[in-house]
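**Student:** Let me give you the structure first, and then I'll get to my questions.
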Amino acid sequence: MEVRFTASESVEIRVEEQTVPIQHYLRQPQRLVNAIADPKLMEALSEDLFLLKMRPLNFMDIYHFQPTVVLKVWSTPKGTLYLQSQSCEIRGIDYINNRFFLNITGILSPQQRQDQTYLVGQADLEVKVALPPALWLTPKPLLEVAGNGLLKSVLVRIKQRILSHLLSDYQQWTKDEPLLEGLPTQTLPVLE
């Protein structure tokens, strides 16, 4: 029996601008990946591809597994970040791994409103999986509630990391970035 689970999460963060606009910071995809994931669980495969090992998950107290996802993360010259899953693997349960599809997409974009910058974003997560025979007798609505809840908890965890890490990293980056030394202290223009 195949089931489909989905979840979405949005975020809006007011940005306290530094001497360098956040759009410049956002053109570095590795920064976003470091903000959404524990660096110990992430490996850069290339400039825009990252292997992310999610924390181990528990489905209905029966199945314990660890998803790994290859994410493509890229940005536009205006600083809009995009995230798209490229492949995935479920470690721990071969039966599910061979019958599992995961798709995650996300966008994070700086927006100006009344002379204030906000980061506005959304992530959508979808999983399709053929359930093992042990779950075939479980009512489908119960499975969907459990699966959708599990996906929502993953997205909420990512959102919490963005809220707690992204802006502090941006502020630290403006202080530490060696290329910024010697630049005038006025705000740099946003590239169109």
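Since every read-out is calculated from the coordinates, none of them should be taken as a lab result. Since this is a predicted model, take the numbers as computed values, not measurements. So basically every Cβ, Gly included, is an ideal-geometry build from the backbone, and we count neighbours across all protein chains shown.
**Student:** For Lys175, go through the aspartates and glutamates and keep the ones whose alpha-carbon is under 20 Å away, minus same-chain ones fewer than eight residues off.
**Tutor:** Qualifying aspartates and glutamates at Cα under 20 Å: Glu16, Glu17.
**Student:** Return the sequence-ordered ³J(HN,Hα) values of segment 141-149 in whole Hz as given by the Karplus equation 6.51 cos²θ - 1.76 cosθ + 1.60 applied to θ = phi - 60°, using x for Gly and Pro.
**Tutor:** Whole-Hz 3J(HN,Hα) from phi for segment 141-149: x, 5, 4, 5, 4, 5, x, 4, x.
**Student:** Between Phe101 and Gln66, how high is the FRET efficiency from 1/(1 + (r/R0)^6) when r is the Cβ-Cβ distance and R₀ = 22 Å? Nearest 0.05.
**Tutor:** Efficiency for this residue pair is about 0.85.
**Student:** In nm, give the distance between the simple-model label positions of Glu126 and Glu144, each being 7 Å from the Cα along the Cα-to-Cβ direction.
**Tutor:** In this crude spin-label approximation the distance works out to 1.5 nm.
**Student:** At 0.36 nm per residue, and after removing the present C-alpha to C-alpha distance, how many nm does the segment from Tyr118 to Lys78 gain when stretched out fully?
**Tutor:** That pair, Tyr118 and Lys78, stretches by 13.0 nm at full extension.
**Student:** Please work out whether segment 68-118 counts as rounded, prolate or oblate from its C-alpha gyration tensor, where a ≥ b ≥ c are the square roots of the eigenvalues and a/c under 1.5 means rounded, while otherwise a/b larger than b/c means prolate and anything else oblate?
**Tutor:** prolate
**Student:** Would you list, by chain and number, the lysines whose Cα falls below 24 Å from the Cα of Lys159, excluding same-chain residues fewer than 8 positions away?
**Tutor:** Straight-line reach from Lys159, under 24 Å: Lys40, Lys53, Lys72, Lys78, Lys128.
**Student:** Turning to a different aspect of this structure: How much length would be gained if the chain were fully extended between Ser153 and Ser168, taking 0.36 nm per residue of separation minus their Cα-Cα distance, in nm to one decimal?
**Tutor:** 3.1 nm
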